[in-house]
Structure formats: C-alpha cells, structure tokens
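Remarks on the structure that follows.
The values are calculated or read from the model by the stated rules, or taken from the named source; none is laboratory data. Quick caveat, the model's predicted, so the values are computed rather than measured. Here the Cβ positions follow ideal geometry from the backbone for every residue, glycine too, while neighbour counts run over all protein chains shown. Keep in mind that these areas ignore ligands, DNA and RNA; they rest on the heavy atoms of the full protein, side chains included. Shrake-Rupley method; radii C 1.70, N 1.55, O 1.52, S 1.80 Å.
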Amino acid sequence: MSKAKLTINNNYPSVTDLRNKAKKKIPKFAFEYLDGGCNEDVNLIKNTAEIREVELSPSYLSKHTGSDMKTELFGHTYDAPFGIAPVGLQGLMWPNAPEILAKAAFEHNIPFVLSTVSTSSIERISEITEGQAWFQLYHPTENRLRDDMINRAAQAECPVLVILSDVPTFGFRPRDIRNGLAMPPNMSVKNILQILGKPEWAMKTLIHGQPNFETLKPYMPKNLDLKQLGKFMDQTFTGRLNEEKIKPIRDMWKGKLVLKGVASEMDAEKAIRLGLDGIIVSNHGGRQLDAGESTIRPLTRIAEKYGNQIKVMMDSGLRSGPDIARTMASGAEFTFLGRSFMYGVAALGNEGGNHTISLLKTELQQVMEQVCCERTLDFPNHLIKKIN
Ligand SMILES: Cc1cc2nc3c(=O)[nH]c(=O)nc-3n(C[C@H](O)[C@H](O)[C@H](O)COP(=O)(O)O)c2cc1C
C-alpha cells in the first residue's frame, strides 16, 4: 500500500517539460547518453510515435463504479501498472539517482529495477525498498560472477530477477562516441567546459563523490584507470545470451524470472519453453537495433498469441499516462519506463522520483475515468485501433 501522496510540481506537468529542464541542468555528455537512441535514432522516434497510433474508445454512458489502478503482478499488488526500468550509470546523470528513484518507487508501491551497471549496490537498494526491488542481470562471461550476483540478489530478497537478452553487442551510439563517454567521465577539455556550465550538477557531484559501479565493485581490481576499466567491462560481459545460459539460472533462482529484450515471437516462445515467469517486450529504448520494429508491434502480436502462457510486459517509448493506457490496451499486463524517470531526477533532483510517478499516476487515472475503465486489465476492451 502506497505511503506517498501524489504531489506534482505545476511547472513540469509532462515528461517533455522534465526532459527540457534536464537538458538545461546536466552536462551535454550525460544528457546525450540518457536521451539518445542508436545510429540515426529511427527506432527511438518510432517507439513513441507508433504507441501513439493506438486509439481507445470511451464509453461515456456505461455504468462506472470507480477506476482503480492497482495491478497484481507476481503475487504483489502494485499501486500502478508501471515500474522503473533498469538504467546503467544513473549516478552520472544525477548523484544518488538510483537511491532517489528506489525510495520513490517504494513509497509509491511500484517496482524499481536495479541494473547490474547502475551506481548503487543490490544491498543498498534492497535496504531502501525493504526487499522489494528487482535486479537486472547482465549475463557475465564467468559463471562464478553470475552465481555470486544471483546469490546476492537472493540474499537481498529481490522477488524478481530480470535477465537481459538484447545486448549481444554494444549499441552504436554516435553521440557517446563523439563525447568520449566513459565512467568516470572522460576529463577532456570539451567535457570539463560542459561541466563548468552546469554548476548545480558539478557541486552535487563533487559533494557526493565520483559515481562507481557499486554492484560490480567486489569483482573489480582496485584503482583501474579509464583504459583498464573499459577492458574490465569488455572482458566481464562478452558473449551473447542463449537458452543454455538461461537454463541453469532457472534452476538456481527460486523467485520469479523475467527475460527482458524480447522483440520477436520466437524469443517469446523460447522463454515459455524455458519455464520463465515473464517477458518484457523491449528494444532497450531504441538503443540497440535502429533497423528493428518499435515495441508496440511485437507486443500486440506476442500478447495475443502467448498472453495466457506467460506474463507479457513492455517498455520502450512510453512517456505519459495515455501511453501506458495504449500499451495495456494492446495487451501488456504491466509496463516500464526508463528515460522518463531519469529526466525527472535530472530536472528536479530529490523531488524527481515522486513528481514523475505522481504525474504518471494522475494521468493514467484520468484516462481510466475518461474511457470508463474500472481495472487496468480492462483496457483491451477499449481498444479500437491496434498496431501490429
Ligand atoms: C541511459 C540508459 C541506460 C540503460 N541501461 C540499461 C541497463 O543497464 N540494463 C537494462 O536492462 N536496460 C537498460 N536500459 C534500457 C531500459 O531498461 C529500458 O528498456 C528503456 O529505457 C525503455 O525505454 P524508454 O527510455 O523509452 O522508456 C537503459 C536505457 C537508457 C535510456
């Protein structure tokens, strides 16, 4: 049950407002890492545009006893049908971002998913969320590392483990290449000038200290320079995911297991065969395959075909309550957003998590009442134009 009140800062009543503010507040290399897609950004743009082709029909004269956003997922009743997707390097975009978002998610009773390469540890996030955060695993090259991270997630009582499938190779991101993006930030003259232009970010980052890969820290040799860090990351996470790598995780992990990055019926079928509990239809927010489909298309087909065999969720491209409604009407039982929450924190700091969740909840409630939808799983009854 949510402990949080819905509080919205009236200067930022949309995710677009938060994005615009975030752009002004953080250095260009950090904003472009967050905001960009890959290659020519075709799929990034299509993701949102094609969700917005979905149309809903209202039924104004129907009996309506009230709309309730609460949605059951994996035995937990969440206050809303959306969660915070895993995002790497969060602390680079705003100091303490993962902690701010985890706290807000916990208070609003929605899921927060911690990325393997975020800047907080499994243990710290679990403490903040009283064991309710999910953990996203980048499959490491070495099984020893995989087992250790899975054991840590179990010890921290994470209810759901999310395995990522859509990074067989790093995305080709021209802005990051141009910016020489690295962790910690590359101190080129260009980047230093960008930092000097964002005094609040610079001051907060200075006080908070340099962001680190806290979950990976125990496995990293100390005092790596930039080049060595890059080499460590490359060696630690090479290799693509496959069924043989998923099987032992299914045996080992007693909680719910979800595959993220599903973008085809074939991969959805494999997930079902492997006994997984859920899939997140996702194209990584358009950051990996610019020539791919936007996610709403495979979501619609996969939900129709397999929705009664596995929990089908979706992310990529959602930026508003109406987008969440359109996605659920197309068959998703739950949704996730990545950039929207990070724009919120980059724009509003400590208030950003609470504000963005409040905004999305308020917008979604309005859509539910407008179309006469009493429960979120009834959204498909209002679908009049689907995209597949
Ligand atoms: C800056 C950034 C970093 C990301 N890092 C990860 C990550 O470490 N692990 C992961 O599973 N997904 C990662 N993602 C993908 C998100 O989990 C999610 O799929 C995507 O952001 C959804 O699209 P949206 O931003 O349009 O909502 C990242 C996305 C962004 C924007």
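A compact table of results
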{"item": "Conditions (1) of a type in the set (Val, Ile, Thr); (2) away from the ligand (no atom under 12 Å from the Cβ); (3) within 24 Å of Thr327 (Cα to Cα); number of the one not met by Ile125", "result": "(3)"}
{"item": "Residue within the stretch 348-356 that is open to solvent by less than 10 Å² (accessible area, probe 1.4 Å), touching a residue at least 12 places away in the same chain (Cβ under 8 Å) and within 14 Å of the ligand (Cβ to nearest atom) present", "result": "yes"}
{"item": "Conditions (1) modelled with pLDDT of 95 or more; (2) open to solvent by 30 Å² or more (accessible area, probe 1.4 Å); (3) not acidic (Asp, Glu): number failed by Ile246", "result": "(2)"}
{"item": "Given (1) within 16 Å of the ligand (Cβ to nearest atom); (2) in contact with a strand residue (DSSP E or B) (Cβ under 8 Å, 6 or more places away or on another chain); (3) within 20 Å of Val15 (Cα to Cα), number of the condition Val367 does not satisfy", "result": "(1)"}
{"item": "Residue in the stretch 69-77 that is within 30 Å of Pro199 (Cβ to Cβ) and out of contact with any strand residue (DSSP E or B) (no Cβ under 7 Å at 6 or more places or on another chain) present", "result": "no"}
{"item": "Checklist (1) open to solvent by 20 Å² or more (accessible area, probe 1.4 Å); (2) closer than 19 Å to Phe74 by Cα; (3) assigned to a loop (DSSP other than H, G, I, E, B); (4) touching a residue at least 24 places away in the same chain (Cβ under 8 Å) applied to Leu276, failing item", "result": "(1)"}
{"item": "When residues of the stretch 273-310 are limited to those that are touching a strand residue (DSSP E or B) at 6+ places or on another chain (Cβ under 7 Å) and farther than 16 Å from Gln136 by Cβ, the one nearest to the ligand (Cβ to nearest atom)", "result": "Thr295"}
{"item": "Hits in the stretch 79-116 - residues which are of a type in the set (Val, Ile, Thr), in contact with a strand residue (DSSP E or B) (Cβ under 9 Å, 6 or more places away or on another chain) and either more than 12 Å from the ligand (Cβ to nearest atom) or open to solvent by 10 Å² or more (accessible area, probe 1.4 Å) (or both)", "result": "Val87, Ile110"}
{"item": "Qualifying strands (runs of 3 or more DSSP E) (wholly inside the stretch 307-388; at least 2 residues being of a type outside the set (S, T, N, Q) and over 19 Å from Ala49 (Cα atoms))", "result": "311-314"}
{"item": "Condition met for Lys24 (farther than 16 Å from Gly321 by Cβ and at pLDDT 95 or above)", "result": "yes"}
{"item": "Top-ranked residue of the stretch 22-53 - restricted to ones that are buried (at least 22 other Cβ atoms within 10 Å of the Cβ) and among the β-branched types (Val, Ile, Thr), ranked as farthest from the ligand (Cβ to nearest atom)", "result": "Ile26"}
{"item": "Selection count where residues are open to solvent by 60 Å² or more (accessible area, probe 1.4 Å) and either away from the ligand (no atom under 16 Å from the Cβ) or small (Gly, Ala, Ser) (or both), scope the stretch 225-237", "result": "6"}
{"item": "Members of the stretch 138-150 that are within 14 Å of the ligand (Cβ to nearest atom) and either buried (at least 21 other Cβ atoms within 10 Å of the Cβ) or among the hydroxyl-bearing types (Ser, Thr, Tyr) (or both)", "result": "Tyr138, His139, Met149"}
{"item": "Qualifying residues in the stretch 151-166 (those that are away from the ligand (no atom under 16 Å from the Cβ) and in a loop (DSSP other than H, G, I, E, B)) - the one most open to solvent (accessible area, probe 1.4 Å)", "result": "Glu157"}
